[in-house]
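Undergrad: Sharing a structure here in C-alpha cells format.
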Amino acid sequence: TLLNFLLALYSIILFCVFLWIPFVYFYYEEKEDDDGNTCSQVKTALKYTLGFITICVVLLLIGAFVPLDIPNKKNSTEWEKVKLLFEEFGSSHGLTALSFSISSLTVIGMLAAITYTAYGMSALPLNLIKGTTSAAYERLENTEDIEEVEQHLLRIKTKCRDGRPLSLRDRRAVQQLEDRLRTLRRRERHLESIEKSWWTKFCEAIRPLKIVWGVFFIIVALLFTVSLFLSNLDKALHSAGFDSGFIILGTNLTNPLNMLLPVLQTVFPLDYILITTIVMYFIFTSMAGIRNMGIWFFWIRLYKIRRGKTRPQALLFLCMILLLIVLHTSYMIYSLAPQYVMYGSQKYLVQACINWLIFSKLRYSSKKLLKIILFAFLLDQCIVTRTYLFLHKFWFFSAAYYFGNWAFIAVFLIGLVVSCCKGKKSVIEGEVDDDDSDMSDDELSVYYH
C-alpha cells in the first residue's frame, strides 16, 4: 500500500514536470508573442510540450529496458534476450522505469539545491541579522548622485553652445549619463514609496525578532552541514566504494539528526513534525537563494524574482525549481539521517527473535524457533524501507548524490564567507536595474500602499 502511494505521488511529479508546467509556460510565451485566439496558443504550447513528453518517455524506456541484473547465457538467442527484458519489466510493474526517471529529476534537483539552497542557507540568516540600510539614508545618497550626474551632463552639453557638434566620445558619455539618470530617478521613486509605506515601519518594529530568527536559521544551517559532513565522511571511510554508489547499510559515525529522529519516532508524530520542518526550511532557504540570484541557465540570466513585478514564466520556473529541490530533499534526508530513512524504528531481527524465544516458547515448537533464529542470524539485518529501495536502485545515481553532498557543503561555506564580507543590503535590492523600463514602475504606488 505504501509503495503504491509513493508511485502515485512520483507519477504526479512526472506529470507536473514534463507536461503541466511546460504547457503553461509555453502558453504564456505564445500569449505574449501573439495576441491571437486561444486555440492557436494551445496548439503551439502543445507542440513544444511534446518535446518534454518525449524526454519523459525516453527516460521511462531506459529505466524499464535496461535491467539491473541479466543472467549471462551464452547460448541465448536475441529473441530470448528481448523476452527477458519484457518479463523483467512486467515483473517490476514499471517500478524500475519510474525509479530511473525520478532519480534523473533528483539529480537536476541536486544541482538546483547546490546552486540555490546552499547559498540561501548562508545568505538568509545573515541578511536577517544584518538587516537593510535605511530608506531615508539611501534616498539622500541617491539625490546626491542625481545632482552629480546632472552637473556632469550640463558640463558636456555646454561644449556645443556655439553650434559645434559633440564628438563621438562625448555622445557616448551623454548616452551613458542619461541612462544612469533614468535609473537613479526610478530608484528615487522606489525609495520614496518604501519610505512612506506601512510595511517598512512594521519591519522596523519587528527588527529584534528578525535577528532572533536569523540566529536560529544559522544554527540550523550549521547543524545540517555538520550532519551532512559526518554522513559523507562515514560513507567515504566505511562504504564499499564508487562501484556500489558509496552505499552503507548502517552508521559508524553518528550525527545529531541521525540520533534525534529515531528517538522522536517513538512518540507520534514528533518525527513527522521534524521532517516537515526540515522540508520547509529547505524551501524557505531555496526561495531566498532564488530571490537573491535570479533564475539562470549557465551564464545567461533568464528571469529576476522581484516583488510585484515577477513575470508568470519566472513563477513557473520558480515552482519547477522548488519541486525538484523538494524531490532531492528525499535523498538529502537520507544523507542527514540514514538510520531513520533505512530502518526507522526497527530493531535487529536477531534480538527480536531472542525476545520471541523467551516470551513465546509455549506457542511454538523448539524446531520452528530454531529455524527462525538461524534465519535471523544468517540475515543479520533489518528490512530496509520502501523509500530507500526506491531511491537506490541505480548505483551511479547514488555516487552522483555522494559527490553532490560535498559540493553542497563547499558552496554553503563559500556563501557563508561571501555573506559575512558583504555589507547591508539595499532596501530596494534587486528592485531597480539598468535594463528596466519606466513602464515597470506604473503599479509601484499600488503595491506599496
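The values are calculated or read from the model by the stated rules, or taken from the named source; none is laboratory data. Every value quoted in this text rests on a predicted model; they were computed, and no experiment measured them. We place every Cβ from the backbone using ideal geometry, glycine too, and count neighbours over all the protein chains shown. The protein model used for the area step is the full one, side chains on, heavy atoms only, and it has no ligands, DNA or RNA in it. Shrake-Rupley method; radii C 1.70, N 1.55, O 1.52, S 1.80 Å.
Undergrad: For a quick protection proxy, order the peptides 128-136, 237-245 by their average other-Cβ count within 10 Å, most packed first.
TA: Ranked from most to least packed, the peptides come out as 128-136, 237-245.
Undergrad: For residue 303, list long-range residues whose amide hydrogen, built 1.01 Å from N in the peptide plane, is under 5 Å from its own amide hydrogen.
TA: 295
Undergrad: What FRET efficiency do you get for residue 154 and residue 403 if R0 is 60 Å and r is their Cβ-Cβ distance, rounded to the nearest 0.05?
TA: Calculated transfer efficiency: 0.55.
Undergrad: Please give the net charge around residue 331, taking every other residue with its beta carbon less than 15 angstrom from that of residue 331, where Lys and Arg add +1 and Asp and Glu add -1. Could you put the intermediate results ahead of the total?
TA: Values: positive: 235, 386, 393; negative: none.
Here the charged neighbours net out to +3.
Undergrad: Here's something else I'd like to know. Compare the peptides 194-206, 313-325 by average per-residue count of other Cβ atoms within 10 angstrom and give them in order, highest first. Don't skip to the answer; put the middle values down first.
TA: Working: 194-206: 13.2, 313-325: 19.5.
Output ranking for 194-206, 313-325: 313-325, 194-206.
Undergrad: Ordered by residue, what ³J(HN,Hα) values in Hz, to whole numbers, does segment 188-194 give under the Karplus form 6.51 cos²θ - 1.76 cosθ + 1.60, where θ = phi - 60° and Gly and Pro are x?
TA: 4, 5, 5, 5, 5, 5, 5
Undergrad: Using a 1.4 angstrom probe on the protein heavy atoms only, could you order 184, 60 from most to least accessible area?
TA: Final ranking, largest accessible area leading: 60, 184.
Undergrad: Running Debye on segment 126-223 with equal point scatterers at the Cα sites and no solvent, what base-10 log of I(q)/I(0) appears at q = 0.10, 0.23 Å⁻¹?
TA: -0.49, -1.10
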